[in-house]
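Read through the structure below, which is laid out as structure tokens, and then see the notes.
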Amino acid sequence: MPDIQPTTDKARPKSSLKAWFHPRGRSISTIAFALNRLTAIGLTLYLFLHLVVLSQLLRGPEGWNSFVSIAKSPIFLTLDVILLFGVVYHMFNGIRVALVGMGVANQRQKGLFYGLVGIALILFVVGAVLIYTK
Amino acid sequence: MDSTMSRRSPEQMAARRDRSGSVWLVQAFSGLILVALLGIHMIAHHYIVEGGLRDYQQVLDYVSNPIIFTLEVLFVILGVTHSMLGVRSIIGDMRPSAGTLRVANWVLIIAGALAIGYGIYLAVALQQLAG
Amino acid sequence: MAEQIIEFKVQRYKQGQPAPTYQTFKTLCDDNTTVLVALQDIRRDQDGSLVLRHSCHHASCGTCGMRVNGKEELGCVVKVLDLGTSTVTVEPMRNMPIISDLVVNMEPFYDRYNAVGMPYVRQSEYLDEADLAEGLEAYQRYENCIECNLCVSGCPIMGSDELYLGPATLAAARRVIEEPRGVPTKPLLDWVDSENGCWRCHVAYECNTACPSEVYPGDQIMALRRDLTKRKFRGLFGRGGKG
Amino acid sequence: MASFHAVIIGGGGTGAAVAHDLTLRGYKVTLVERGEVTSGTTGRHHGLLHSGARYAVKDKESAVECIDENMILRRIAPGSFELNDGLFVALTEEEANYSHEFIEACHECGIPARRLSAKEVLACEPNVNPDVIMGVQVPDATMDAMRMPLRFFATAKHSGATIKTYTEVVDFIKRGNAVSAIRVRDHTTNKEYEIGGDIFISAAGAWSGKIGDMVGVEVPIRPSPGVMLAVRGRLCNMVINRLHASGDGDIIVPQRALSVVGTSSWVVDDPDNLGLPRDHIDMMIKYGSELIPGVRTAPFRAAWSAARPLIGPRGADTGRELSRTFKCFDHADEGVEGFVTITGGKATTLRGMAEATANVVCQKMGLEIPCGTREFTLLPHTAYYA
């Protein structure tokens, strides 16, 4: 097959980030995609942070338990709520992307989106309440 | 007006069969498995535990269970792989030059390998601490 | 009959100009006036230099793709008063070089699209219970795709990277794989099984929303992935050889 | 051979075919069009590739032109037509009686025509009015009103013709009594410049009266618009016509996933100001649903007007009495050299119109070069933009 030539595109946004997060005239699915990217970056950062934090365990009980007590402060709990949103959203939107991408229910992706993200939101609210109350 | 010339080589322009299909499948399946693993992780660490976080001894007890140990190791491997592939895909959409992409690939491979190695080391060490 | 004076905020650009600007026109619209007709009225009565593309006026040629209030539309089938806004913003499509005003250069679109080599006539599946008239082998019809570029304009990945083959091209490839009509499918399937092919899509489904002609490229891209996934698994388990 | 420079004004089907023909005959060709190609009348027509049957009884000359060109286009533009034939249906006894004269006239013009019983008509086209009495099958076909002419543009362009779109003629420059150049404005840059040439051909269709005025010659052309209506859903596969002398709303052309009902006819002065009479849209629904009742219930997609360039004196009022054939005017008769007008005709005969025009041009230049377009397979439409 022939090669594709690059274009010189005056209208193209200078940064590709602009294209992803340019919601004007776009539908809910683009917001879903942009949010998936945002949560992906957030979760990646968290993953590394989490691994670093876990090194406290190697320092024995004092190290870890002092971390646990910090982690129960209100500011930390708020961060946890944000994290929880990222996790459940990325999980459930990810299920849709994976299923649709393998050709499963690809004709019903909108319903799938509302259903799964609906479940995610319910879990998020329940989780957030638990974080603050327990 | 900005005119964005592509900085990429002709080889990069060609669309030809490559491994991206397999990469995508790895991403999709690792994601689906992570949904299950993360579900277990969340419930075990934060839901059934009084106060939402295990203290030191509880963590050690938990990891000493061989099934949990295996799941946690699997979690580290798949989680790191999934996130490194995700970051690669984001970088790929930012019009990198061939050189940038190559460097990014290596940085991600090394970072991923270190993270996985460290995660497994951590799990093994904790299991030994638990005796 | 409803009549209303509507303000049109039109993106203007002439070659050599540093950046596009907006110009406002007012024109009378009734409930049959489409955005395209309103723009033609403006060109006739107010500014002969307004550059726009149009041909069939009934969503069959695909030339009048533009953005109306930000959304990808064919100007010929959007009725101005149905929009419900007293100011209508009209801009050229995204992700393609602007030639002037509302017209973009379609060459990059066809660079990709032509590579598929899709035959333009297919077997008609409409009225399939009907008898075939004497002397005909099958009822025929044109492919749905009208090459309007709206899906490409809507696609966020196309906006971030011009190497992506894009929704229209991938949908065309899928049509050939579905109904080859003598076009070899193996090279095509290999072609889309690539980083810039169907794996580049991030499932934003803007192409489905934008498509005015029932192609629904997003569904076609996912169908390609299913075909390729099947082929891969068949390859893994040794069936169908290296296919 | 000395290469003459031919400048064509008007980027519709006619201009496209003239550009292709003259390029093949070795001319250097430049075509200017004020908008996108096919943005005038060409792109807006209903997309019927005439068998000629519509004209067989009243206008044999047009009918023969149609069937000849129909067969040539099938050959040189393969893959560009929905080849589903056409069906003339009789809904009244009067129309059924007319069928004898109709079929005979078709055969005289060399148009294959086959009589179908009501049962056969409904078996082939189940959506047709069940009150149908009989039908006649003829070799009509459907074209994409833009993409078929685009193949001529593509071929001309790849053989060296220059196509300048968004370039509007603003003035003609004469040396003595001969046109020597045109002054054009490029709307993409807002700059004006001149294009010199040896022969200037107006292929501006319904706009050729306006172009004629600029040069100072009288072109007896009447812009005669018709309203068309597109509804969603493909209600038929064959082109469904009413079996009578041509009238309003008597044809339904299936196109992709749409059905196009046409058409009406009146006369205007300004081809840029056609309007869209509401009663004509209603008329399309009324008469269209007599042919296929589903037209009334199918969802609306679009309604639009297109201006036919009909040849006839000022004063005609409906356009139906004007001839559907084409004519090439050499304005030397009026004392203007270097300028010809080709107008009239229809999309089906675009190649024939171009051949006639190129013959006139060659004669004026004192050249004898045969026409090569009858056997020349055209490039696909997508080649135009590549």
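Summary of computed values
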| item | result |
| --- | --- |
| Yes/no for D:GLY216 being within 19 Å of the chain's Cα centre (by Cα) and either under 13 Å from D:VAL89 (Cα atoms) or more than 12 Å from chain C (Cβ to nearest Cβ) (or both) | no |
| Matching residues, region C:156-202, being aromatic (Phe, Trp, Tyr) and farther than 23 Å from A:ILE31 by Cα | C:TRP191 |
| Number of the exception - C:LEU163 against (1) over 24 Å from A:ALA105 (Cβ atoms); (2) away from chain A (no Cβ under 11 Å); (3) not polar (S, T, N, Q) | (2) |
| Filtered residues of region D:282-300 (kept if buried (at least 20 other Cβ atoms within 10 Å of the Cβ) and either in contact with a Leu (Cβ under 6 Å, 6 or more places away or on another chain) or without any contact (Cβ under 8 Å) to a residue 12 or more places away in the chain (or both)) | D:MET284, D:ILE292 |
| Hits in region C:3-25 (condition: within 12 Å of chain D (Cβ to nearest Cβ) and of a type outside the set (Lys, Arg)) | C:TYR13, C:GLN15, C:GLY16, C:GLN17 |
| Scope region C:130-144; condition within 15 Å of D:CYS236 (Cα to Cα) and more than 7 Å from chain D (Cβ to nearest Cβ); matching residues | C:LEU132, C:ALA138 |
| Output for region B:21-63, where each listed residue is free of Cβ contacts under 8 Å to residues at least 40 places away in the same chain, within 29 Å of C:LEU188 (Cα to Cα) and crowded, with 19+ Cβ neighbours inside 10 Å | B:GLY21, B:TRP24, B:LEU25, B:ALA28 |
| Only one of B:LEU71, B:LEU78 that is crowded, with 19+ Cβ neighbours inside 10 Å and more than 10 Å from chain A (Cβ to nearest Cβ) | B:LEU78 |
| Sole exception among (1) crowded, with 18+ Cβ neighbours inside 10 Å; (2) within 14 Å of chain C (Cβ to nearest Cβ) for D:ASP270, by number | (1) |
| Of the criteria (1) within 14 Å of chain A (Cβ to nearest Cβ); (2) under 26 Å from C:PRO167 (Cβ atoms); (3) out of contact with any His (no Cβ under 9 Å at 6 or more places or on another chain); (4) at pLDDT below 95, which one C:PRO119 fails | (1) |
| Residues satisfying the stated conditions in region C:95-112, i.e. surrounded by 18 or more Cβ atoms within 10 Å (Cβ to Cβ) and either at the interface with chain D (Cβ under 7 Å from one of its Cβ atoms) or among the β-branched types (Val, Ile, Thr) (or both) | C:ILE98, C:ILE99, C:SER100, C:VAL103, C:VAL104, C:MET106, C:TYR110, C:ASP111 |
| Matching entry among C:VAL78, C:VAL51 (being at pLDDT 95 or above and closer than 20 Å to D:PHE300 by Cα) | C:VAL78 |
| Considering residues of region C:26-53 that are farther than 22 Å from D:GLU36 by Cα and surrounded by 14 or more Cβ atoms within 10 Å (Cβ to Cβ) only, the residue nearest to the other protein chains (Cβ to nearest Cβ) | C:ASN32 |
| Any hit, region C:83-105, residues being modelled with pLDDT of 90 or more and within 25 Å of C:LEU188 (Cβ to Cβ) | no |
| Listing of strands (runs of 3 or more DSSP E) fully contained in region D:104-170 that carry 1 or more residues being within 13 Å of another protein chain (Cβ to nearest Cβ) and free of Cβ contacts under 8 Å to residues at least 24 places away in the same chain | D:114-117 |
| Any hit, region C:159-180, residues being of a type outside the set (D, E, K, R), over 22 Å from C:PRO97 (Cα atoms) and in a loop (DSSP other than H, G, I, E, B) | yes |
| Pairs where the first residue, in region D:193-204, is under 11 Å from D:PHE172 (Cβ atoms) and the second is of a type in the set (Lys, Arg), C-beta under 6 Å, 6+ apart | D:GLU194/D:ARG183 |
| Number of the condition not met by A:ILE31 [criteria: (1) among the aliphatic types (A, V, I, L, M); (2) within 13 Å of chain C (Cβ to nearest Cβ); (3) crowded, with 18+ Cβ neighbours inside 10 Å; (4) within 16 Å of the chain's Cα centre (by Cα)] | (3) |
| Subset tally (residues that are more than 13 Å from chain C (Cβ to nearest Cβ) and under 17 Å from D:SER208 (Cα atoms)) for region D:20-48 | 2 |
| Test: residue in region C:135-142 that is small (Gly, Ala, Ser) and closer than 20 Å to C:LEU228 by Cβ | no |
| Selection count, region D:265-292, where residues are part of a loop (DSSP other than H, G, I, E, B) and under 23 Å from D:ILE240 (Cα atoms) | 3 |
| Candidate set: region D:171-204, residues that are acidic (Asp, Glu) and in contact with a helix residue (DSSP H, G or I) (Cβ under 8 Å, 6 or more places away or on another chain); chosen: the one nearest to the other protein chains (Cβ to nearest Cβ) | D:ASP171 |
| For D:ILE251: the one exception among (1) at the interface with chain C (Cβ under 10 Å from one of its Cβ atoms); (2) modelled with pLDDT of 95 or more; (3) under 18 Å from the mean Cα position of the chain (by Cα) | (1) |
| Which numbered condition C:ARG122 fails, given (1) buried (at least 24 other Cβ atoms within 10 Å of the Cβ); (2) of a type in the set (Lys, Arg); (3) not assigned by TED's automatic domain parsing to the domain that holds C:ALA19 | (1) |
| Checklist (1) out of contact with any helix residue (DSSP H, G or I) (no Cβ under 8 Å at 6 or more places or on another chain); (2) more than 13 Å from chain A (Cβ to nearest Cβ); (3) under 22 Å from C:CYS201 (Cβ atoms) applied to C:GLU147, failing item | (1) |
| Residue match in region A:112-120 (condition: within 14 Å of chain C (Cβ to nearest Cβ) and on the phi > 0 side of the Ramachandran plot) | no |
| Residue count, region A:46-55 (criterion: surrounded by 12 or more Cβ atoms within 10 Å (Cβ to Cβ) and more than 9 Å from every other protein chain (Cβ to nearest Cβ)) | 3 |
| Helices (runs of 4 or more DSSP H) fully within region A:26-127 counting 2 or more residues that are under 30 Å from C:PRO217 (Cβ atoms) | A:28-54, A:74-101 |
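The values are calculated or read from the model by the stated rules, or taken from the named source; none is laboratory data. All figures in this text were calculated on a predicted structure; none of them were measured in a lab. Neighbour counts are summed over all protein chains in view; Cβ atoms, including those assigned to glycine, are modelled from backbone coordinates with ideal geometry.
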